[in-house]
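Note sheet for the following structure.
The values are calculated or read from the model by the stated rules, or taken from the named source; none is laboratory data. Remember, it's a predicted structure, so these values are computed and weren't measured experimentally. Glycine also receives a Cβ, built like all others from the backbone with ideal geometry; neighbour counts cover every protein chain displayed.
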Amino acid sequence: MAGLAQNTPLPTNIVVHQRSRELGVDFSDGSAFRFSFEFLRVNSPSAEVQGHSPDQAVLQYGKREVLITEIEQVGNYAIRPVFSDGHGSGIYSWDYLYQLGKDQDVLWKDYLAQLEARGLSRDGNAEPPPPKHHGGGCGGGGGCGSGGCGG
C-alpha cells in the first residue's frame, strides 16, 4: 500500500507556510522539502487529476494563487490537503510526498513545458484554447452527439 513502504523515510515535521504558499516536509532521513501549494495542487494524486491511467491525466492550469485551507492526516500514512479552489480528494502518502520532493525540479519543468505547449497559463484568469476542428471523423464538425457518427 502506498505510504507504507518499509524503506521510505517518514515525515518528522510538516509545516504550512501560508505567507509563502509553501508546505515544508522534513523526513526521518534528513531530507527536507518545500513544496509550493501550486506544485502540490497540480500534482495531486487524485483520480480527477491523474486519471485512472496516464493517458487520462488532466493538465491543471490557473493554480498559481491556490492556497491550502486545511490539512487532514489520513491514518499513519498520508495527508489530505484541501485547496482554496475546492479540490480536496488527493491523498498524499508519505511515499508520494517523498518522491515528489526527490523529483520536484523535473516535475516542475515538465509541468511548465506542458502548459506552454498547450497555450495555458499558471494564472487563474487563463482560458483553455478553443478545440481545434480538423474535419473528418464524426461528419460535418458537429461532433458525435450531432448524429454524424454513423447512426
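Looking at the stretch 53-63 only, could you name the residues that are on the phi < 0 side of the Ramachandran plot and either at pLDDT below 95 or part of a strand (DSSP E or B) (or both)? Within the stretch 53-63, 53, 54, 55, 56, 57, 58, 59, 60, 61 qualify. One residue stands out in the stretch 76-96 among those that are surrounded by fewer than 17 Cβ atoms within 10 Å (Cβ to Cβ) and touching a residue at least 24 places away in the same chain (Cβ under 8 Å): the one that is nearest to residue 13 (Cα to Cα), namely 89. The set of residues in the stretch 35-56 that are without any contact (Cβ under 8 Å) to a residue 40 or more places away in the chain and either within 12 Å of the chain's Cα centre (by Cα) or over 22 Å from residue 86 (Cα atoms) (or both) comprises 36, 50, 51, 53, 54, 55. State which residue is nearest to residue 114 (Cα to Cα) when the search covers only the stretch 64-75 and only residues that are hydrophobic (A, V, I, L, M, F, W, C) and assigned to a strand (DSSP E or B). Ranking the candidates gives 68 first.
Per this entry, residue 15 is counted among residues that are surrounded by fewer than 12 Cβ atoms within 10 Å (Cβ to Cβ) and either assigned to a strand (DSSP E or B) or not small (Gly, Ala, Ser) (or both).
Here the stretch 77-99 is the region considered, the condition is being of a type in the set (A, V, I, L, M, F, W, C) and part of a strand (DSSP E or B), and the residue that is nearest to residue 7 (Cα to Cα) is 78.
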